[in-house]
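Peer 1: Questions regarding the structure given below will be posed in turn.
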Amino acid sequence: MVLSFGEKLRKEFFGNLPQFAEAIELVDDKEFYRFHADFLSRLGLTFSHGDYAQNKLIPNSDDVAQKLFERSLNYYPNPRAYLGLGMIFQKKRKFEDSVKILKEGINQFPQNDRLNLCLAVSYMNLQQFVEALSCLARCKENRESLYYMACCYRALGNREAERKYLKKYERTAGIG
């Protein structure tokens, strides 16, 4: 009896969590907009990539995350919200939409490695390897970018450059 009540309570709580998240009311004061954007983007990531993303009792967690990221950006530019939206669009295989939102983010935060990497991945999925390389060039110090650069060069048929970046990638991992 107690266990079934606890299970029902848990199911109802998680089942209604999207509505709770969407109903959050924030103070309408411009001094807080930056903080609202930060909070909403973090909450969005919880639904898209965190604990709530893995919870089968939460319906449509990616849709909730998308709304939270969009709401975040309505308050203030936030790299996490741009990244979250870009990744949501990638999950949905909407790579053109991903490119569009990530480019907006990079216009605001040009040196953000995560945005540049995510944009490169979207370009790679669109078979636009030269564009992907230009994004990856902005974050050469990032280990992941070395691997993706090698992949792009392989796709472009440049085996010499592919080997060069694979060696760099392996050296950063202590492999080679």
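The values are calculated or read from the model by the stated rules, or taken from the named source; none is laboratory data. Quantities reported herein were computed from a predicted structural model and do not represent experimental measurements. Note: ideal-geometry Cβ built from the backbone for every residue, glycine included; neighbour counts use all protein chains shown.
Peer 1: I'd like the full set of residues that are in a helix (DSSP H, G or I), touching a residue at least 40 places away in the same chain (Cβ under 8 Å) and not aliphatic (A, V, I, L, M), limited to segment 14-59.
Peer 2: Step one: filter segment 14-59 for residues in a helix (DSSP H, G or I), giving 14-22, 30-48, 51-54.
Okay, now just the ones that are also touching a residue at least 40 places away in the same chain (Cβ under 8 Å), so 14-15, 17-18, 21-22, 33-34, 36-38, 40-41, 44, 48.
Result: Phe14, Gly15, Pro18, Glu22, Tyr33, Arg34, His36, Asp38, Ser41, Gly44, Ser48.
Peer 1: Restrict the check to segment 110-129 and report whether at least one residue is more than 19 Å from the chain's Cα centre (by Cα), among the hydroxyl-bearing types (Ser, Thr, Tyr) and modelled with pLDDT of 95 or more. Outline the logic, then answer.
Peer 2: If we filter segment 110-129 for residues that are more than 19 Å from the chain's Cα centre (by Cα), which is where we start, we get 127-129.
Next, only the ones that are among the hydroxyl-bearing types (Ser, Thr, Tyr) stay: none.
No, segment 110-129 contains no residue that is more than 19 Å from the chain's Cα centre (by Cα), among the hydroxyl-bearing types (Ser, Thr, Tyr) and modelled with pLDDT of 95 or more.
Peer 1: Something else: For the condition outside the structural domain of Arg42 (by the TED database) and touching a residue at least 40 places away in the same chain (Cβ under 8 Å), what is the one hit in Ile106, Ile88?
Peer 2: On the way: Ile106 fails: touching a residue at least 40 places away in the same chain (Cβ under 8 Å).
The conditions single out Ile88.
Peer 1: Out of the residues in segment 140-160 that are in contact (Cβ under 8 Å) with a residue 12 or more places away in the chain and over 17 Å from Cys118 (Cα atoms), which is surrounded by the most Cβ atoms within 10 Å (Cβ to Cβ)?
Peer 2: So the residue we want is Tyr153.
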